[in-house]
1. Filter the range 187-200 down to the residues that are at pLDDT 70 or above and in a loop (DSSP other than H, G, I, E, B) and list them by number.
2. Among the residues of the range 158-180, write down those that are part of a helix (DSSP H, G or I) and free of Cβ contacts under 8 Å to residues at least 12 places away in the same chain.
Amino acid sequence: MTLSKFLTGRIVIVAAAVATVLVIGGLAALEPVTRSFVAQDATCLFCHQNSEYNAASTVLWDGLRPVTRPHKATKEGGQASCVSCHVPEGMLGSVNFYTHILTLTDFFGRLHEDVGDRDKERWLPPTARRAYVVRKGFLENDSAPCRTCHIESEIKPKRKRGQKAHKNALRDKETCIVCHDNLVHKNVEPLEDFLKAVEK
């Protein structure tokens, strides 16, 4: 074996090893980088208009544009952001965040709204349409985003009604969205199929 062939073989092996390390490192860093730096409220609010989600929510200023905080801060100072509820934990959730941005679903959905449909029964306001999709997702995944912060068995409501509801929910293995469908954003009446799914 000549020296040039030996070096070429080594270069290929080293290049493959470096590429492997970079790919594995990139995949390992994808979720923390996405959740901590990329998926900021300001990123979401570039397309999603905060006034559509909760007009009464506290409006802050992050240096770029106003940011709503519809989910109240905890006594300990914890504050949920858009990503806390809308981007599931794990690498797939992070990948989904980027595909959501690249497809510009909210932006193009706004452009192609049929004004003529407003007179018909099938037209739904964009906020309501999105609420139905998100509720269905929460129902299907057992309110997984809620459970990243809240431990159901440790929640102690102050009112008797809330205490009883949580006790029954634990007993009947009900998921959070069954009762808390309008907890954070603007009030949107649930659809009939959602109510039927909840009753099962």
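The values are calculated or read from the model by the stated rules, or taken from the named source; none is laboratory data. Computed from a predicted structure; not experimentally measured. Every residue, glycine among them, receives a Cβ derived from its backbone with ideal geometry; neighbour counts consider all protein chains shown.
1. Residues of the range 187-200 at pLDDT 70 or above: 187-197, 199.
Passing the criteria: Asn187, Val188, Glu189, Pro190, Leu191.
2. First, the residues of the range 158-180 that are part of a helix (DSSP H, G or I): 160-172, 176-178.
Residues satisfying the conditions are Lys160, Arg161, Gly162, Gln163, Lys164, Lys167, Asn168, Arg171, Asp172.
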